[in-house]
Every structure is written in structure tokens, then in C-alpha cells.
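Down below is the structure, laid out as C-alpha cells.
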Amino acid sequence: MKKYSHIFFDLDNTLWDFDRNSSETLYELYEKYKLADLGIKSPEHFIGKYQERNAMMWEQYRLGKIDKDTLRNKRFEFTFWDLGIEAVEKISAQMSDDYVSAAPKRNHLFPDAFEVLEYLHEKYVLHIITNGFHEAQFVKLDGTGIRKFFRNIIISEHVGYKKPDVNIFYYAVDSAKTKAEECIMIGDGLEVDVLGAQNAGWDAIYFNPKRIGHSEIITHEIAALAELKDIL
């Protein structure tokens, strides 16, 4: 087994259960703003449309096609457009503020996340690399009680590079005062986390709980965080 010294985790949908925490928040917003009265037939329909639009806009943000404010302030407005509902600018703005405030405070982690971090923390130096926004990510880390496990919290908007740009991984190596061969990245993003890290000379572990098929050559693949104990 190769000897690593530093383990780098993605946060959203790797440790912090983004889909669950987000969906619970969106369900509450559906009820709070009485979206059924606007003709949106179910919270599931609203959440599905939002998730599609949000994923699309996050990809645009990662590629530098839109900025942070556009992503945060327009995704609800565009979701309503996708649902065929117009003239809801005020509601969209209010929902955006509520979502940004409420969602990061939810504390659902993936199964075994806390226990695995306790185990790894005794053997390795742990870090976070995330493309998420700093104000939300620290709320998540503090609210779930896992911030204490990590030496460095590397956030793309601070660094100036977003995963999978190899420069953020080079920055992480320098921050940890280590070498690429002593680092391994763990994340749910095949392109963003895994291939980005491998292109920077790291090993990587693909966290793939949905067992999504692919043809990439990767160092390791797991479907549950508890499997990390068998690798590390």
C-alpha cells in the first residue's frame, strides 16, 4: 500500500449530504411561499426543476461563464421560468436569501462520515478542497462538528482557481508543505475531484454511492465512506 501523509476531501456530496440538506430546505420554502398557489403541482416537481437549473448554473460558474452573484441570485428566478411562471422577481429574491441562510445550517452527513474522519485523523493530516462559497462552507463544517478534523480549508474563491484546475491542487500541496505523491483526494466529482487531482500527479478515490458507470482509470473507487478504512 502506498504511503500517504495528507488526505484531501471534497465537502459537498462527499461528507456533507448536499442533496438531502438542500431538498429539505427547498421543501420548506415550497410550503412557506405557498408555491402550490402559483400552480406548481408538488414540492418534488419544484425541487427537481431547481436541482436541474442549479446544477447547470454551477457548471457555468465553474467554467467562468457566470459569477457568484448571478448563480446565487438568479437560480430561483430561472427555475420559475423553467416552470413557466413569470413575474416572480420579488419571491425569487426572498427565496434565494432564505435558502442561502438556511441550507448550510442543516447537518446531515453521509453515513459513517464522522467516524471515518475520527479514524483517519489519527493517522493522516486531513484537509478540505471545495469549490463552494466560503461563508456557506464554514457554516457546514462548524454545524456538523467536523471542522476540527481539518488543518487546511482550501476554498476556490480564495485561491483563484476552481477544481479541476490543477493549480488549486498545486496550491494545496504548497499549503500542506508536502509533495504530490504523499497526497490523495477523495470526492464525488469524477471530473472535478478525481481527474483533476490525478492530472496534478495525485492519487484519488472516487466516492460513487450511486455507482454511476464510467470508463476512467482511477486509483480507487468506493460506494460508502466506511470503505476508506480498507484502503487507508
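The numbers here are math on the coordinates, done by the rules we state, and not lab data. No experiment lies behind these values; they were computed from the predicted model shown. Neighbour counts are summed over all protein chains in view; Cβ atoms, including those assigned to glycine, are modelled from backbone coordinates with ideal geometry.
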TODO: Label segment 116-226 by shape, choosing from rounded, prolate and oblate, from the square roots a ≥ b ≥ c of the eigenvalues of the Cα gyration tensor; if a/c is under 1.5 it is rounded, and otherwise prolate applies when a/b is larger than b/c, oblate when it is not.
DONE: rounded
Task: Distance histogram in 5 Å bins (all Cα pairs of segment 1-90, percent per bin) - done: 3, 12, 19, 21, 17, 11, 6, 4, 3, 2, 2, 1
Task: Gained length - residue 181 relative to residue 66, 0.36 nm times residue gap less alpha-carbon distance - done: 38.0 nm
Task: (i) 111; (ii) 122; (iii) 131, with the label sought being that of the calculated volume of the Cα convex hull per residue in Å³ - done: (ii)
- [ ] Please list the non-local residues whose amide H lies under 5 Å from the amide H of residue 109, H modeled 1.01 Å from N, same-chain partners needing a gap of 5 or more.
- [x] 17
- [ ] Choose one of 63, 103, 160: the residue whose Cα lies farthest towards the positive end of the charge dipole of the chain (beta-carbon charges +1 Lys, Arg; -1 Asp, Glu; about the Cα centre).
- [x] 160
Open item on the list: How big is the dipole moment of the chain about its Cα centre under a simple scheme where the beta carbon of each Lys and Arg is +1, that of each Asp and Glu is -1, and everything else is neutral? Debye, nearest 20, please.
Closed with: 300 debye
TODO: Hey, could you get me the Stokes-Einstein D for segment 83-148, Kirkwood radius over alpha-carbon pairs, 10 °C and 1.306 mPa s, rounded to whole µm² s⁻¹?
DONE: 110 µm²/s
Task: For the chain, built as a Gaussian network whose Cα springs stay under 10 Å, the top-fluctuating residue of 97, 188, 37 - done: 37
- [ ] Just the number, please: percent antiparallel of the DSSP beta bridges in the chain, rounded to the nearest 5.
- [x] 5 percent
Task: Most to least packed among 74-83, 213-222, 104-113 [average Cβ atoms within 10 Å] - done: 74-83, 104-113, 213-222
TODO: Give me the distance in nm between label points sitting 7 Å out from Cα along the Cα-to-Cβ direction at residue 216 and residue 42, one decimal.
DONE: 3.3 nm
Task: Set of lysines near residue 140 by C-alpha distance (under 20 Å), chain-local residues within fewer than 8 positions excluded - done: 68, 105, 148, 162, 163
TODO: Give me the number: length gained by fully extending residue 100 to residue 32, i.e. 0.36 nm times residue separation minus the C-alpha to C-alpha distance, one decimal in nm.
DONE: 23.0 nm
Task: Simple label model, 7 Å out from Cα along Cβ direction - residue 93 to residue 19, nm - done: 3.4 nm
Task: Segment residue 231-residue 170, length gained on full extension (0.36 nm per residue, minus Cα span) - done: 19.6 nm
Open item on the list: For Cα pairs less than 8 Å apart in space and 6+ apart in sequence, what is the mean separation divided by the residue count of the chain, i.e. the relative contact order in percent?
Closed with: 23 percent
